[in-house]
1. Any chance you could count how many residues in segment 155-180 are within 14 Å of ARG38 (Cα to Cα) and either open to solvent by 20 Å² or more (accessible area, probe 1.4 Å) or of a type in the set (Ser, Thr, Tyr) (or both)?
2. Taking the condition of being of a type in the set (D, E, K, R) and crowded, with 16+ Cβ neighbours inside 10 Å, how many residues in segment 108-133 meet it?
3. Out of all the residues in segment 49-94, which are outside any helix (DSSP H, G or I) and open to solvent by 70 Å² or more (accessible area, probe 1.4 Å)?
4. Would you pick out the residues in segment 95-107 that are in contact (Cβ under 8 Å) with a residue 40 or more places away in the chain and surrounded by fewer than 23 Cβ atoms within 10 Å (Cβ to Cβ)?
5. I'm checking my understanding of the structure. Among residues of segment 14-48 that are touching a Leu at 6+ places or on another chain (Cβ under 9 Å) and assigned to a loop (DSSP other than H, G, I, E, B), which one is surrounded by the most Cβ atoms within 10 Å (Cβ to Cβ)?
6. Which residue pairs have Cβ atoms closer than 7 Å, lie 6 or more positions apart in sequence or on different chains, and pair a first residue in segment 117-141 that is within 11 Å of GLY25 (Cα to Cα) and in contact (Cβ under 8 Å) with a residue 60 or more places away in the chain with a second residue that is aliphatic (A, V, I, L, M) and assigned to a loop (DSSP other than H, G, I, E, B)?
7. Only one residue in ARG146, ARG184, ARG152 is touching a residue at least 24 places away in the same chain (Cβ under 8 Å), exposed (fewer than 13 other Cβ atoms within 10 Å of the Cβ) and not β-branched (Val, Ile, Thr). Which one?
Amino acid sequence: MGFRGNFVKGFAKDVERIFLTGFMGSGKTVVGRVLADRLGWNFLDTDELVERRSGMTIPELFDVGEETFRRWEHICLVEVAGYSRAVVALGGGALTREENWDAVRGKGPVVCLWAEPETILERIRGDTHRPLLAGLDDEGKLRRIRELLEVRRPYYLRSDMVIRTDMRTPEEVAEEIIGLLRLRP
């Protein structure tokens, strides 16, 4: 999977926000922070916002039910889609729902950060806050990552561009986004 250049040429003059999507462990939060810092913009993470607004952690929300988490996610996504000069890290499954695509469509480029399943496993191996991988050993996690990536691939491919993050620093990825969108830090 590589760069897709189906975004409108000259996008830079209109860019007020950038949405980062991709699977857990693809680098949305760490790249988003670097990108926002380089641009002098705000960084927003919808998962963090969901936790603040709901008063519950993501695993607690999933314990209540994934649909409860997804409702909170949509509310927060609609809110941040209106912010200016913001880099927004979306939850890994946010754009699997059409209502969330509707919330971001036309509000700024959607950039998918892509990492291979083995890279993702390495990055999230010790993280206990991943409800979709809870209770699985490494082999089970890798199998589940592959399954979820396959289901989500068509949604990720709807992004304006797809950028690989395997074996790259967050700074390198942020610089590529800035260059492809023709932004001026």
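1. Step one: filter segment 155-180 for residues within 14 Å of ARG38 (Cα to Cα), giving 170-179.
Subset that is either open to solvent by 20 Å² or more (accessible area, probe 1.4 Å) or of a type in the set (Ser, Thr, Tyr) (or both): 170-172, 175-176, 179.
Going through segment 155-180 one residue at a time, the tally reaches 6.
2. 3
3. TYR83, ARG85
4. As a first pass, look at segment 95-107 and keep what is in contact (Cβ under 8 Å) with a residue 40 or more places away in the chain: 95-96, 101, 104, 107.
Matches in segment 95-107: THR96, TRP101, VAL104, LYS107.
5. SER26
6. ILE120/MET24; ILE124/MET24; ARG130/MET24
7. Going through ARG146, ARG184, ARG152 in turn, the sole match is ARG184.
A quick yes/no check of all residues on (1) among the charged types (D, E, K, R); (2) within 17 Å of the chain's Cα centre (by Cα):
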residue	(1), (2)
LEU136	no, no
GLY140	no, no
SER159	no, yes
ARG164	yes, yes
PRO170	no, yes
GLY179	no, no
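The values are calculated or read from the model by the stated rules, or taken from the named source; none is laboratory data. None of the values given here were measured: they were computed from a predicted structure. Every residue, glycine as well, gets a Cβ built from its backbone with ideal geometry; the counts of neighbours run over all protein chains shown. Areas reflect the complete protein model, heavy atoms only, side chains present, ligands, DNA and RNA absent. Shrake-Rupley method; radii C 1.70, N 1.55, O 1.52, S 1.80 Å.
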